[in-house]
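The values are calculated or read from the model by the stated rules, or taken from the named source; none is laboratory data. Predicted, not measured: the structure shown is a model, and the values here were computed from it. Note that each Cβ is placed from the backbone with ideal geometry, even for glycine, and that neighbours are counted across all protein chains shown. To get the accessible areas, we keep the full protein, side chains included, count just its heavy atoms, and leave off ligands, DNA and RNA. Shrake-Rupley method; radii C 1.70, N 1.55, O 1.52, S 1.80 Å.
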Amino acid sequence: MTIDSEGHPVIVLAWCEGGAPDGVAVYHEEEPSGASAADASVGSPASSDISSSAVEVNDARFNAPPLDGKSASFRIDEPSDGWTVEPKPFVMVPGIEYRAFGSTRDHAYSTDSVSFASDDIAKLKPGMVLIQQYDEKKDDSVDVLISQEEFDRRGQDPSQCA
């Protein structure tokens, strides 16, 4: 996830040879009570913790035009250049933590996912990409900002391709 020069949210994708996605799924988790997983994780009165009853809510599917190369990007608030969104338009709701990942409809390939919320978008700068990576000390994934070039390199690293 990044922003363009005007501050619009942009999903960025990088993939290995032969793994071009044909779309991007955006979803969030919520408890059956309607509380988002983000609310539950910060001790909201709606739920004391996230349980196995949390369900995925599909927020949007961004359909890609035919992609060549090993990377792509598009604005999530106003996709263009052949990208389309269902349902239209996708509007981020403050307080919801979304997850996005690129994939093929037959599930043969997928990219790593990224978690983001409107607060995260507000902190980004053009040219910097938000990712999550595992932190051994915390034994958890943490937000990390890297350059677009580093993102592309990591996304196309043969040692990471399955």
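Taking trypsin sites (Lys or Arg not before Pro) as candidate sites, keep only those in a DSSP loop with at most 13 other Cβ atoms within 10 Å, then name the longest stretch of the chain containing none of them. Before the final figure, lay out the partial values.
Numbers: sites that count: Arg105, Lys137, Lys138.
The longest such stretch corresponds to 1-104.
Which one, His28, Thr84, Thr111, projects farthest toward the positive side of the charge dipole computed for the chain from Cβ point charges (K/R +1, D/E -1)?
Thr84
Using a probe radius of 1.4 Å on heavy atoms only, what accessible surface per residue do you get for the chain? Whole Å² is fine.
On a per-residue basis, the chain sits at 58 Å².
Per the 1.4 Å probe, what fraction of the accessible area of the chain, in percent, lies on carbon and sulfur atoms?
It is 49 percent, rounded to a whole number.
Hey, what did the chain get for relative contact order, percent, Cα under 8 Å, at least 6 apart?
Averaging sequence separation for qualifying contacts and normalising by length gives 29 percent for the chain.
Nothing charged except the Cβ atoms of Lys and Arg (+1) and of Asp and Glu (-1): what's the magnitude of the dipole of the chain about its Cα centre? Round to the nearest 20 debye.
Numbers: 12 positive and 30 negative charges, 49 e Å.
Charge dipole, the chain, about its Cα centre: 240 debye, nearest 20.
Read through the labelled values [x] -0.48, -0.55, -1.28; [y] -0.38, -0.46, -1.52; [z] -0.55, -0.61, -1.27 and report the label of the one computed as log10 I(q)/I(0) by the Debye sum over Cα atoms at q = 0.10, 0.11, 0.21 Å⁻¹ from the structure.
After the calculation, the listed value that fits is [y].
Please give me, ordered by residue number, the GluC sites (Glu not before Pro) of region 72-162 that lie in loop per DSSP and have at most 11 other Cβ atoms within 10 Å.
Here the GluC sites (Glu not before Pro) that fit, given the DSSP loop and packing criteria, are Glu136.
Please check: in the Gaussian network model of the chain (C-alpha springs, under 10 Å), which one of Pro94, Pro65, Pro126 has the largest mean-square fluctuation.
It is Pro94.
Helix-only mean residue ellipticity at 222 nm, the chain, DSSP H runs n ≥ 4 weighted -39,500 (n - 2.57), per residue, nearest 500. What is it? Please report the intermediate quantities before stating the final value.
On the way: 3 runs with 19 residues, N = 162.
About -3000 deg cm²/dmol.
Of the candidates Ser110, Ser53, Ser147, which one comes out as most mobile in a Gaussian network treatment of the chain with C-alpha springs shorter than 10 Å?
Per the Cα network of the chain with a 10 Å cutoff, Ser53 tops the list.
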